[in-house]
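Here the structure is laid out as structure tokens; the discussion comes afterwards.
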Amino acid sequence: MQTTTTAPTEQATEHKDKTDKQMRYYSTNHKAPTASLAEAVVNGLAGDRGLYMPERIVPLPEEFFTNMAQMTFADIACTVADAFFGDDIEQGELHRIVRDTLAFDCPVVPVTDSIYSLELFHGPTLAFKDVGARFMARLLRHFSKADNGETVNVLVATSGDTGSAVANGFLGVEGIHVYVLYPKGKVSKIQECQFTTLGHNITAIEVDGVFDDCQALVKSAFMDTELNRHMKLTSANSINVARFLPQAFYYFNAYARMKELGKADNLVVCVPSGNFGNITAGLFAREMGLPIKRFIAANNANDVFYQYLQTGNYAPKPSIQTIANAMDVGDPSNFARILELYGHDHAAIKAVICGATYSDDSIRQTMKTCHDSFGYVLDPHGACAFRALSEGLADDENGVFLETAHPAKFKETVENAIGQKIGIPARLAEFMKGEKQSVQLGKDFCGFKSFLMSECDTPTEPKTHCISYHHAAIPRHHKAP
């Protein structure tokens, strides 16, 4: 048989070039096929239970860092998003997603002469996870438009702020249903109100266990063949690349604002760390060229990563309940990504990250000292990071710590620590007016699976007892009166 070979058309060549450049995502367990961005976002977890990692990290040009101080947060984020996702999404659509995500500021606010707070609590749910959750919701909506109309079921385990950020990011999004799993009695009342009072396409599941049990249920669901035949599942925890990668945006913005102040040299960034998605995004930013000198991972009593830094031995253990509850994680998922990023080299990781760990008493004392000495109100998580910088900065270094949630989300804890009442922002108060709706389950997977299977066999009815809220302005920074 004679075959005829024809030269590819210009359009076909352009399509092939674009396909060749598109990012592929591999599993940290190295036993699953690589995935496209859409597959990685929709699947959440790789088939071998590993976390997806981009096959390459695109460095940003030197002129970008030179000009950052003159750029807006949104413009900076669009440039970073182009490097992450630009070969997979049309640029106009990608920039629309970024700008829609960042409908609020993440300002850098001075606390001392050398320590600055990166305030990440100016979004709809007053927590840093608003950035990643809003971006993921919009990206998943973008990819699901091209699908067959099947409902995408988002499973998310939360120790506090993830649940509220994801639930509100996806609230009312057509074709998507969110299941928020949270440990009974181990999130603050205000945090619980933010995801148990919404209804509609949000279902809250109160698990009789700890955060690690919730996270294990989510991971087990992805691995269950029968369940995945019945339901299209994805995750909105930081195990999802669409959740953790966009968190790099505010690291670039923090550097730009410090550069604007003339304080970007020898910059140290301290991150309160639980599941380690936040600091992993910062490490990716550094690998893209962001000139951060080093990171400090601040832990509460859940010090698995701190002990790893000291010994080189990673030994997960059951989580301990603390007043900084969003960091109550005994087996942080994103540790696998940090290992991959640095070739499983303990010395290489220690060269970039040092650790600190604090008891509840130390956290309370830090909140009081910062309030009394500097007039700045910390939440318990930010308090860990502020203290680590206070104790760990060299004379020639400037530090930025991530203030990951508004102090009012931990009102009783903060007020008891500083001995003074703090106000509740209007949008937070709105959540507290709603009626709690939750499903109570044990921590065994069989019960969770049975519930999900019954859900997919039952037509979804609109829930009642919903609340509405508006994006009321809150202060640019939270100072004591």
Once you've got the Cα coordinates, tell me which of Lys31/Lys219; Lys129/Lys186; Lys232/Lys409; Lys186/Lys409; Lys189/Lys449; Lys232/Lys436 are over 24 Å apart.
Lys232/Lys409; Lys189/Lys449; Lys232/Lys436
Measuring from label point to label point, each 7 Å out along Cα→Cβ, what is the Lys31 to Ser220 span in nm?
1.9
Based only on the alpha carbon positions, what is the Kirkwood hydrodynamic radius of segment 278-380, in angstrom?
14.9
Scalar couplings 3J(HN,Hα) for segment 75-92 by Karplus 6.51 cos²θ - 1.76 cosθ + 1.60 (θ = phi - 60°), nearest whole Hz, x for Gly and Pro, are 5, 4, 5, 5, 5, 5, 4, 4, 5, 6, 10, x, 8, 10, 9, 4, 4, x
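Quick one: accessible area per residue over the chain, 1.4 Å probe, rounded to a whole number of Å²?
Details: 18870 Å² over 481 residues.
I get 39 Å² per residue for this part.
Please compute the length gained on full extension between Gln321 and Arg56, using 0.36 nm multiplied by the number of residues separating them and subtracting their Cα-Cα distance.
On the way: separation 265, 0.36 × 265 = 95.40 nm, distance 3.72 nm.
Stretched fully, the Gln321-Arg56 segment lengthens by 91.7 nm.
Report, for the chain, the % of DSSP beta bridges that are antiparallel, rounded to 5.
Numbers: 9 of 47 bridges.
Antiparallel: roughly 20 percent of the beta bridges in the chain.
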Inter-part gap, Cα centre of segment 145-194 to Cα centre of segment 76-131, in whole angstrom, is 20
Once R0 is set to 30 Å, what does the formula 1/(1 + (r/R0)^6) return for the Cβ-Cβ distance between Ala348 and Asn67, expressed as a FRET efficiency to the nearest 0.05?
0.50
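Expressed in nm to one decimal, what extension gain is obtained for the pair Gln365 and Asp48 from 0.36 nm per residue of sequence separation less their Cα-Cα distance?
Working: separation 317, 0.36 × 317 = 114.12 nm, distance 4.38 nm.
Stretched fully, the Gln365-Asp48 segment lengthens by 109.7 nm.
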Rounded to a whole number of µm²/s, how large is the Stokes-Einstein D of segment 133-214 at 20 °C and 1.002 mPa s, given Rh as the Kirkwood radius over C-alpha pairs?
167
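Relative contact order for the chain: what is it in percent, counting Cα pairs under 8 Å that are at least 6 residues apart? Walk me through the numbers on the way to the answer.
Working: 923 pairs, mean separation 88.3, N = 481.
Relative contact order for the chain comes out at 18 percent.
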Please give the contour-minus-distance gain from Lys436 to Asp105: 0.36 nm per residue of separation, less the Cα-Cα distance, rounded to one decimal in nm.
116.2 nm
Please report the net charge: other residues with Cβ closer than 14 Å to the Cβ of Asn29, K and R +1, D and E -1.
+2
Log10 I(q)/I(0) at q = 0.12 Å⁻¹ for segment 159-261, from Debye over equal alpha-carbon scatterers, is -0.49
Note, ³J(HN,Hα) from phi for segment 93-102, Karplus 6.51, -1.76, 1.60, rounded to Hz, x at Gly and Pro
5, 4, 5, 5, 4, 4, 5, 5, 4, 8
Inter-centroid distance (Cα atoms) of segment 417-439 relative to segment 324-347, Å
31
Sum up the charges of everything whose Cβ sits under 13 Å from the Cβ of Met68, counting Lys and Arg as +1 and Asp and Glu as -1, but leave Met68 out.
-2
Based on the Kirkwood radius over alpha-carbon pairs, what is the Stokes-Einstein translational diffusion coefficient of the chain at 37 °C with 0.692 mPa s viscosity, in µm²/s?
144
In whole Å, how far is the Cα centre of segment 386-400 from that of segment 237-303?
15
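Can you pull the percent of the chain's accessible area that's carbon plus sulfur, 1.4 Å probe, other chains left in place?
That fraction is 49 percent.
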Mean Cβ neighbour count within 10 Å, used as a protection proxy, ranking 364-376, 425-437, 187-199 highest first
187-199, 364-376, 425-437
Ordering 297-304, 218-225 by per-residue average of other C-beta atoms within 10 angstrom, highest first, gives 297-304, 218-225
For Asn153, other-chain or 5+-apart residues with amide H closer than 5 Å (H placed, Pro excluded) are His177, Lys232, Leu233, Thr234
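222 nm [θ] for the chain, helices only, -39500 (n - 2.57) per DSSP H run of 4+, per residue, to 500? Kindly include the intermediate steps, with their values, before the conclusion.
On the way: 21 runs with 206 residues, N = 481.
Only helices count here, giving -12500 deg cm²/dmol.
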Cβ neighbours within 10 Å, averaged per peptide: list 64-70, 44-50 in order, most packed at the top.
44-50, 64-70
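The values are calculated or read from the model by the stated rules, or taken from the named source; none is laboratory data. Bear in mind the structure is a predicted one, so any value in this text is a computation, not a measurement. Cβ sites come from the backbone with ideal geometry, for glycine too, and all protein chains shown count toward neighbours. Accessible surface areas use protein heavy atoms only, side chains included; no ligands, DNA or RNA. Shrake-Rupley method; radii C 1.70, N 1.55, O 1.52, S 1.80 Å.
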